[in-house]
Number of protein chains: 2
Amino acid sequence: MKTYRLALIGFGNVGQGFAQILQERGNWLLELFGVNFEIVAVCTRSRGSLYDPGGLEINALLDSMQSHNSLSGIRALHNDWDALQIAGDSNADVLVEISYTDLETGEPATQTIRRALETGKHVVTANKGPTALHYPELLRIARENGVEIGVEGTVMSGTPALNLGLGSLAGAGVRKIQGILNGTTNYILTQMESGASYADALAQAQEKGYAEADPTADVEAYDAAAKVVILANTLMNLPLTMADINRTGISELTSDDIEQARGAGERWKLIGMVEKQTTSGYVAQVKPTRLPVMHPLASVSGATNAITYTTEVLGDVTLIGPGAGRQETGYGLLADLLAIHRNSG
Amino acid sequence: MKTYRLALIGFGNVGQGFAQILQERGNWLLELFGVNFEIVAVCTRSRGSLYDPGGLEINALLDSMQSHNSLSGIRALHNDWDALQIAGDSNADVLVEISYTDLETGEPATQTIRRALETGKHVVTANKGPTALHYPELLRIARENGVEIGVEGTVMSGTPALNLGLGSLAGAGVRKIQGILNGTTNYILTQMESGASYADALAQAQEKGYAEADPTADVEAYDAAAKVVILANTLMNLPLTMADINRTGISELTSDDIEQARGAGERWKLIGMVEKQTTSGYVAQVKPTRLPVMHPLASVSGATNAITYTTEVLGDVTLIGPGAGRQETGYGLLADLLAIHRNSG
């Protein structure tokens, strides 16, 4: 049996979903993989910070958040360490970075991750900010320090879009990736096909909690563009940045557009794509695209996501799965932890 | 750089497709994974047997098969070793078993694989016979001898259906697997939807080389049943055998059945399925099934295959990809070899 001590930076939906998986499946994970996960630190912006090198009770963490949305009242050796101090000086083996996403600066998550890697800690994260903006640098720091960085949760939540490309498909020569990478816009497009206007569909998405009050990141495709950058960086060794993505959102799509596509046996999908050119260079974009109804991505509806890898040896391989959700994204973190455990064996 | 010496038992379509990948992508594999594959033996039933501990030229093997469908004329230290002797006494690190499939006895492949494992060689195979009939025993022998057995190519050719379940999805708790596991029958059903009768569709499949002259293994669902057994054995730790699969083929389906489904917004698919019951036990079957057109498996057409894993943590995850083909199945062998290389690191 091997125990990994975890420090969680952030404890919102994803953090609690992840903790819940550990709580519910801890014995099963121990039995199946010989691995044990212990949370030694949880650091939030405004709900308290706990660090106890001897470990924290997962039940108590979840109960406290559920009962009064705060970590105050839980006893720990330290309750005044900030994220950087935990990243650098705690006894954690792995930093789990799940604080808020900033797609412009990647901070404060990036500096926390950097500190953890530099002090010999593995990092797993579902945070698209540091991953889309700084992955090549963070991977280099990880390698220099003999540790790993896992980012599975940043694309398609826990659906193993990255590990499939990094693992089983790596020898097949991935030359193009395209997919439905944003659940909110896919939900809106699905609602529009059922007759809703763009404005009504957006309102429904906001009501369901799929879209933020300010929906810009989703509907103007910044979120999908960040995922294209991550896919290009991790799976195709292309050092693209956000500025390299030709980006068009769905806010200009009208009910007429939807109807016209239907008449032609097609469906609108917001498709993110990156393709290596045969000579050199690449094409990278996110834009609303009409697909024939029989296309494998056309029947992917609602908040589900999907990705098609076009490979030199195998042709097209498509993966379809959840694109969001607290446990689903939490599973992305667990899958990365299990991969670290496998690689250490 | 690490070199793996390979002994190929069988050198038909899949073997030649595999050799072609090594020939075309050898330098790329060396650069990307630091791995080198060398063929030291090729043993066929009626086209010759070659074993040279110093290695054989891949070009010469492929040219010889292409020009006169035989390995005679290629110089090697030994040309009289049989499969068992190569499995036991050659200097190969990995036995690549790709001889013909016998779903009733699994022989002679099973004894060859057993001998290789017992003498400390890894095994990779695309042969459903030994895998569907003897996987639990072969896995045990592999573990006792500190080597690995990879069977990716037995299900969905090189589409990583097994490695996805064994790797990234293992921590999610797979409790049900269902899929379109046979390309021939899926092609026939697709043709029937375009208006062909069952007899005509079968004749087309035979003409295209998808179906054998005796199509029983495909149309009566023995092939799909074998794949259900393999999925249950490898991914769900259920020790099912062929006799445990409730099996119905497609030969009784009529054009009327196809039309009735279409009228109800549904499509017929031959679905293989295994599901753990909540209390204990399992359900395992292959049978023609009507799916709503929006079901992720419904739009999988022609010779393409697909599999849906229902997991406790992630819900449904679906993988779609090629179900057959010489390079595609050859890639299943390569993916297993790369996994062995990764695990040895």
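Brief remarks follow.
- Looking only at residues of the stretch B:225-253 that are over 14 Å from the mean Cα position of the chain (by Cα) and of a type in the set (Ser, Thr, Tyr), we find that the one that is farthest from B:Asn182 (Cα to Cα) is B:Thr241.
- Filter pass, A:Leu84 being at pLDDT 95 or above, open to solvent by 10 Å² or more (accessible area, probe 1.4 Å) and among the aliphatic types (A, V, I, L, M): yes
- Residues located in the stretch B:1-60, provided they are over 27 Å from B:Gly129 (Cβ atoms) and open to solvent by less than 10 Å² (accessible area, probe 1.4 Å): B:Leu29, B:Val35
- Tallying residues that are within 14 Å of another protein chain (Cβ to nearest Cβ) and at positive phi within the stretch A:2-52 yields 1.
- The stretch B:145-177: number of residues that are in a strand (DSSP E or B), within 22 Å of A:Ser157 (Cβ to Cβ) and of a type outside the set (Lys, Arg): 2
- Qualifying residue in the stretch A:1-9 (condition: modelled with pLDDT under 95 and more than 27 Å from A:Tyr210 (Cβ to Cβ)): yes
- Test for A:Thr101: is it among the β-branched types (Val, Ile, Thr) and open to solvent by 40 Å² or more (accessible area, probe 1.4 Å): yes
- Residue match in the stretch B:177-196 (condition: of a type in the set (D, E, K, R) and either away from chain A (no Cβ under 14 Å) or under 26 Å from A:Gly332 (Cα atoms) (or both)): no
- B:Gly281 being surrounded by fewer than 17 Cβ atoms within 10 Å (Cβ to Cβ) and not hydroxyl-bearing (Ser, Thr, Tyr): yes
- For the stretch B:301-315, filtered to residues that are at the interface with chain A (Cβ under 7 Å from one of its Cβ atoms) and either touching a Phe, Trp or Tyr at 6+ places or on another chain (Cβ under 6 Å) or not polar (S, T, N, Q) (or both), the residue that is surrounded by the most Cβ atoms within 10 Å (Cβ to Cβ) is B:Leu314.
- Screening A:Gly332 on (1) surrounded by fewer than 22 Cβ atoms within 10 Å (Cβ to Cβ); (2) under 18 Å from the mean Cα position of the chain (by Cα); (3) within 10 Å of chain B (Cβ to nearest Cβ) shows it passes everything except condition (1).
- Which numbered condition B:Gly55 fails, given (1) in contact with a strand residue (DSSP E or B) (Cβ under 8 Å, 6 or more places away or on another chain); (2) at negative phi: (2)
- For the stretch B:148-162, the candidate set comprises residues that are within 28 Å of B:Thr119 (Cβ to Cβ) and out of contact with any Gly (no Cβ under 7 Å at 6 or more places or on another chain); within that set, the residue that is nearest to the other protein chains (Cβ to nearest Cβ) is B:Leu162.
- Of the strands (runs of 3 or more DSSP E) lying entirely inside the stretch A:1-101, those containing at least 1 residues that are touching a residue at least 60 places away in the same chain (Cβ under 8 Å) are A:2-9, A:35-43, A:94-97.
- Residue count for the stretch B:198-230, restricted to those that are open to solvent by 40 Å² or more (accessible area, probe 1.4 Å) and out of contact with any strand residue (DSSP E or B) (no Cβ under 8 Å at 6 or more places or on another chain): 15.
- Within the stretch A:277-294, the set of residues being assigned to a loop (DSSP other than H, G, I, E, B) and more than 14 Å from chain B (Cβ to nearest Cβ) comprises A:Gln277, A:Thr278, A:Thr279, A:Ser280, A:Gly281.
- Filter result for B:Gly325 (within 11 Å of chain A (Cβ to nearest Cβ), open to solvent by less than 40 Å² (accessible area, probe 1.4 Å), farther than 30 Å from A:Gly325 by Cα and modelled with pLDDT of 95 or more): no
- Options A:Val174, A:Val274: the member that is of a type in the set (A, V, I, L, M), away from chain B (no Cβ under 14 Å) and either within 26 Å of B:Val317 (Cα to Cα) or surrounded by fewer than 23 Cβ atoms within 10 Å (Cβ to Cβ) (or both): A:Val274
The values are calculated or read from the model by the stated rules, or taken from the named source; none is laboratory data. This structure is a prediction, so every number in the text was calculated from the model and none was measured. Cβ atoms come from the backbone with ideal geometry, glycine included; neighbour counts cover every protein chain shown. Remember, those area values only see protein heavy atoms, side chains included, never the ligands or the DNA or RNA. Shrake-Rupley method; radii C 1.70, N 1.55, O 1.52, S 1.80 Å.
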